[in-house]
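Just so it is clear, none of the values below were taken in a lab; they were calculated from the coordinates. None of the values given here were measured: they were computed from a predicted structure. Heads up, the Cβs are rebuilt from the backbone with ideal geometry, glycines too, and the neighbour counts pull from every protein chain shown.
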Amino acid sequence: MFKLLKYSLYDIVKSRFAILYTLFMVLVTVSIYQISEDLSKVSLSLLNIMLMIVPLISAVFATTHFFNNLEFTELMLAQPVKRRDVFLSQLLAVIIMLSLAILIGIGLPMAIWGAESSLLVLLAAGIALSIVFAGLAFLASVLTRDKAKAIGITLSFWIYFSLVYDGLVLYVIYSFADYPLEKATLAMVMLNPVDLARIIMLMQLDISALMGYTGAFFQQFFGSAKGIMLTSGVLLIWMVWPVLLSMRIFKKKDF
Amino acid sequence: MKAIIFIWTLALLGVIFPVFGNTLQIKPGQSIQAAIDKAESGDTLLIAKGLYQENEITIRKPLTLIGQDFPVIDGQNKGNIILVAAAQVNIVGLELINTGFSNMEDSAAIKFFDSDEATVENNRLNNTFFGIHFSNSKNMRIRGNQLRSTSEKEYQTGNGIHLWKCHHATIENNFVTGHRDGIYLEFVTNSTAIKNLIEDNKRYGLHFMFSHDNSYVENTFKKNGAGVSVMYTRNVLMKDNIFEDNWGPGSYGILLKDISNSEVTGNIFRKNTVGIYMEGSSRTTFKNNTFRENGWALKLMASCDDNTFVANNFIANTFDISTNGSLILNKLTENYWDKYEGYDLNKDQIGDIPYRPINLYSVIVEKIPAAVMLWRSFLIGLLDRIEKAIPSITPENMVDNSPKLRPYDFGKQHL
Amino acid sequence: MISVNNIYKKFGSLEVLQDFNLNFEAGISYAMMGPNGSGKTTLIKTILGMVIPDSGDIEVQGKSIKGEFAYRANIGYMPQIGRYPGNIKIGQLFRMMQDMRPGIENYDMELVRNFGLDEMMDKPMHTLSGGTRQKVSACLAFMFHPVIYILDEPTAGLDPMAVEVLKNKIKKERDQGKLFLITSHILSELEELTTHAIYLYEGKVFFNNSIEELKETTGETKFSTAIARLMEWSLKKQPQKKPNHV
């Protein structure tokens with residue numbers, strides 16, 4: 001497993017994409033620091049990057065990587081190694097690369113230009129979302145043999161979680177506005193990793209809006225130890241289930 | 001510093017009451033009440049440093065009590081400590097601790113009835129139920145006192161400075177913390193509160209009603225349970241105050257209910273859930289205030305009319321303004337809005353297109369509070385953009401037609 | 001040594017292998033032939049565990065391969081087109097493959113030397129030509145002294161000299177009693193290297209016997225014409241066997 005991972009990682013870290021992605025992150029972060037007058041604006045811009053760009057790039061890259069590496073995967077499958085290890089080494093290499101790009105690309109400028117400790121949560125959330133979307137991308141990839149189709153599915157995941165789902169939530173709470181909706185909204189948020197990450201980040205950066213009447217309920221929930229455990233737990237589930245499911249399919253897949 | 005104030009106070013008192021009375025010295029072990037009973041009208045009682053265990057010390061004649069290096073008068077958790085029912089009583093430099101905790105009789109460290117020309121100055125009040133309590137009095141000066149309550153719950157403590165049916169009061173340079181309301185005024189008129197620091201009180205920093213013609217200048221109201229709440233009053237001047245860190249549901253920088261013909265100028269509203277919450281208020285001018293990092297800078301209920309917001313800074317608030325109705329009869333003009341994205345072709349520092357401070361999302365959140373969970377999501381950003389291009393839900397006349405391009409410089413404190 | 005028992009495999013609605021049975025014995029080298037889509041590659045991949053059969057079982061050296069992976073250490077596999085991670089160097093690739101077989105310490109580097117790859121160890125894979133990559137694949141197949149060799153179009157893309165090197169190596173190993181399973185479109189090569197012919201058609205074994213027997217059955221003296229005859233026969237059978245399939 002670690003041997004496989006070592007080589008997959010070596011390959012991916014040296015790829016042009018890894019370097020470009022990291023440079024892109026550095027560029028974006030540095031320009032955000034240049035443009036924004038204060039740290040809170042920096043955080044909010046970075047939050048948008050984490051919520052939109054990071055999942056998109058993670059998803060598309062993971063799918064592309066899966067298909068570009070298909071022959072290598074096949075080669076590995078003909079070797080005396082477990083299918084699980086082949087799968088996990090590929091996925092982990094992608095995840096580690098994406099995380100490193102965030103850590104270096106955003107973390108380094110932060111370390112140099114100054115940051116608050118709450119920005120660490122931002123980094124963690126970005127990495128968590130990378131994992132979630134890499135998992136979803138691998139799931140889409142094992143579900144189909146066609147690269148274009150897989151990218152299509154991956155992009156639908158992305159659009160669904162970052163836009164469509166929130167629209168549905170808004171529609172639902174609008175339709176049932178006469179009822180107490182705090183708990184229902186909370187439950188709905190749990191079902192979307194992007195929302196979950198967004199709220200975890202907001203709790204650190206920009207709680208002002210969440211402090212209103214209803215917001216206080218959420219603030220209390222997400223601020224409490226139980227709430228933090230629950231949200232991180234659910235986010236963890238979001239990181240794990242696509243991986244487990246796609247691994248299951250991968251184990252039975254024909255190459 | 002304290003010594004200087006002390007000497008200065010003595011000198012001042014000497015000027016004010018030059019003709020009256022003798023000076024008597026009280027030492028620990030002696031009874032203050034006995035000394036008071038013995039004293040003549042206009043006498044000065046010097047109380048030496050030490051511990052005096054007395055309560056319900058009653059003063060019924062003009063007298064001056066001066067503590068030397070803060071003698072401690074311990075009320076032993078029984079009733080009031082000092083009761084005054086006379087004019088021209090001055091209480092200076094005492095440390096008063098441990099009043100009773102009765103809601104029935106409103107136990108206080110110093111309680112005045114029907115007084116005139118009273119001075120309460122440079123006292124330290126610790127662990128008192130009410131702090132300084134006046135009723136039916138006039139022309140009092142409450143200056144430089146430090147009031148600290150250590151109770152944990154709101155019902156366990158009374159108000160710090162409490163005035164009922166008074167006029168011409170001056171409340172200056174006091175520090176109040178841990179009480180129910182920092183300053184409470186009811187039926188108090190023609191009075192002034194200046195440079196007080198009111199923080200961490202359980203309910204309101206400042207709470208008044210039916211208190212017309214008062215001014216509040218350069219006070220700081222910070223981290224109070226529900227901020228500041230003022231109601232049923234006209235002709236108020238609020239100038240250069242700071243309202244900050246009032247977080248929580250039902251917590252406001254300031255809540256204005258039925259306030260009219262007033263002026264709110266040069267204040268800073270920083271990091272409050274709601275900067276100003278207004279209900280049933282009218283004919284009030286808000287000028288040169290800075291609203292910074294609030295959840296909502298303004299919540300303007302539809303019951304408000306004819307108010308003017310001119311030349312204020314709105315910076316880094318989650319929402320600038322929200323409202324519950326569609327008919328808005330208030331005027332916004334020449335404010336700086338950091339969310340303004342317009343342009344200025346004629347270079348007059350006034351944006352060429354109007355700014356609409358109410359965005360779609362704030363309307364949604366006002367109707368369905370649970371929608372706050374979608375804050376900063378992509379969807380909301382998209383909706384707000386669309387609404388900006390084609391306004392449909394947001395009130396049409398809530399518009400600043402001459403938004404400033406650069407923030408006003410109101411001085412360092414406003415940054 | 002390898003026994004394929006009652007294998008069924010469908011891709012979608014297409015039945016690639018149906019009730020498929022075959023036995024491969026040690027010491028014999030098999031030429032596996034058949035038209036495109038006859039199931040050759042699927043069979044190879046099934047043996048390697050890359051394709052999972054819908055039903056049936058495969059035993060390698062007497063043990064079922066279901067859920068197993070270690071048995072692949074005994075198989076040297078050369079894929080039709082070997083693609084490798086681009087940023088990895090030849091030497092690293094070899095080391096990586098060696099890493100995956102911790103039990104084996106004695107490597108067969110004969111092909112590496114004869115192909116001259118030992119001087120290109122520092123070249124990244126993406127700089128290599130198709131033929132060189134094929135050489136790398138061959139080296140890997142032979143590196144670990146397997147008892148079973150599965151070579152899918154081994155000489156495709158190789159220059160004539162390299163073909164000779166590879167053929168000699170195959171013969172050498174064959175003569176040491178290893179099992180070979182070779183698919184190729186070059187019939188002369190198969191005749192030279194193998195002793196046994198398997199002809200697949202439409203997911204079934206159409207012919208399975210020694211090359212002598214093949215010549216005898218078809219009445220031909222030349223291997224290539226014998227195979228051509230087999231093809232003709234199989235095509236005649238087609239309509240009644242698979243009415244839906246054209």
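Assorted remarks:
- Distances between placed amide hydrogens fall under 5 Å for B:Tyr252 paired with B:Gly227, B:Val228, all partners being 5 or more residues away or on another chain.
- About its Cα centre, the protein assembly as shown has a charge dipole of approximately 1780 debye under the convention of +1 per Lys or Arg Cβ and -1 per Asp or Glu Cβ, with nothing else charged.
- Distances between placed amide hydrogens fall under 5 Å for C:Phe20 paired with C:Asn6, C:Ile7, C:Tyr8, all partners being 5 or more residues away or on another chain.
- Per residue of C:95-101, other chain Cβ atoms within 10 Å of the residue Cβ number 5 on average.
- Calculated FRET value between B:Ile350 and A:Leu20, using beta carbons and R₀ = 56 Å, to 0.05: 0.80
- Across region B:375-387, computed HN-Hα scalar couplings (Karplus, 6.51 cos²θ - 1.76 cosθ + 1.60, θ = phi - 60°) run 3, 6, 7, 4, 4, 5, x, 5, 4, 4, 5, 4, 5 Hz from first to last residue, x flagging Gly and Pro.
- Most tightly packed first, judged by the mean number of other beta-carbon atoms within 10 Å of their residues, the peptides B:199-211, A:233-245 read B:199-211, A:233-245.
- Distance between region B:170-211 and region A:1-29 - C-alpha centres, whole angstrom: 61
- Ordering of C:207-216, A:119-128, C:136-145, C:35-44 by packing [mean C-beta count within 10 Å, highest first]: C:136-145, A:119-128, C:35-44, C:207-216
- Cut-off 12 Å between beta-carbons: net charge of the residues surrounding B:Asn126, Lys and Arg +1, Asp and Glu -1: 0
- Spatial separation of Cα centroids for region C:156-204 and region B:366-411, in angstrom: 75
- Counting Cβ atoms of other protein chains within 10 Å of each residue's Cβ and taking the mean over peptide A:139-150 gives 0.
- When peptides C:222-229, B:168-175 are ranked by their average number of other Cβ atoms within 10 Å per residue, the highest-first order is B:168-175, C:222-229.
- Applying both filters, DSSP loop and at most 11 other Cβ atoms within 10 Å, to the trypsin sites (Lys or Arg not before Pro) of region B:330-415 gives B:Lys347.
- Prolate/oblate/rounded call for region A:45-133, Cα gyration tensor, a/c under 1.5 rounded: prolate
- With the simple spin-label model, which puts each label point 7 Å out from Cα in the Cβ direction, the A:Lys41 to C:Lys172 separation comes to 7.3 nm.
- Cα-projected label distance for A:Phe176 with A:Gln34, points at 7 Å along beta-carbon direction, nm: 4.9
- Across chain B, the relative contact order, built from alpha-carbon pairs under 8 Å that are at least six residues apart, equals 6 percent.
- Relative contact order of chain C, pairs being alpha-carbon contacts under 8 Å that are 6 or more residues apart, as %: 26
- Placed amide H near B:Asn90: partners under 5 Å, 5+ positions off or other chain: B:Leu63, B:Thr64, B:Leu65, B:Thr119
- Inter-chain neighbour count for B:124-136: the average number of beta-carbon atoms from partner chains within 10 Å of each residue's beta-carbon is 0.
- Taking a sphere under 9 Å around the Cβ of B:Phe291 and counting the other residues whose Cβ falls inside, with K and R at +1 and D and E at -1, yields a net charge of 0.
- Relative contact order (%) - chain A, alpha-carbon pairs under 8 angstrom, separation at least six: 27
- Scalar couplings 3J(HN,Hα) for region B:145-160, obtained by applying the Karplus form with A = 6.51, B = -1.76, C = 1.60 to θ = phi - 60°, are 8, 10, 10, 10, 10, 10, 5, 8, 10, 4, 6, 8, 9, x, 7, x Hz; x denotes Gly and Pro.
- Cα gyration tensor shape for region A:2-251, rounded if a/c is under 1.5, else prolate or oblate: oblate
- Near-label residues of region B:120-157 by backbone N, under 16 Å of a point 7 Å along Cα→Cβ of B:Thr23: none
- Annotation: the antiparallel percentage among DSSP beta bridges lying fully within the protein assembly as shown is about 15.
- Beta bridges from DSSP with both residues in region C:69-186: antiparallel share about 10 percent, rounded to the nearest 5.
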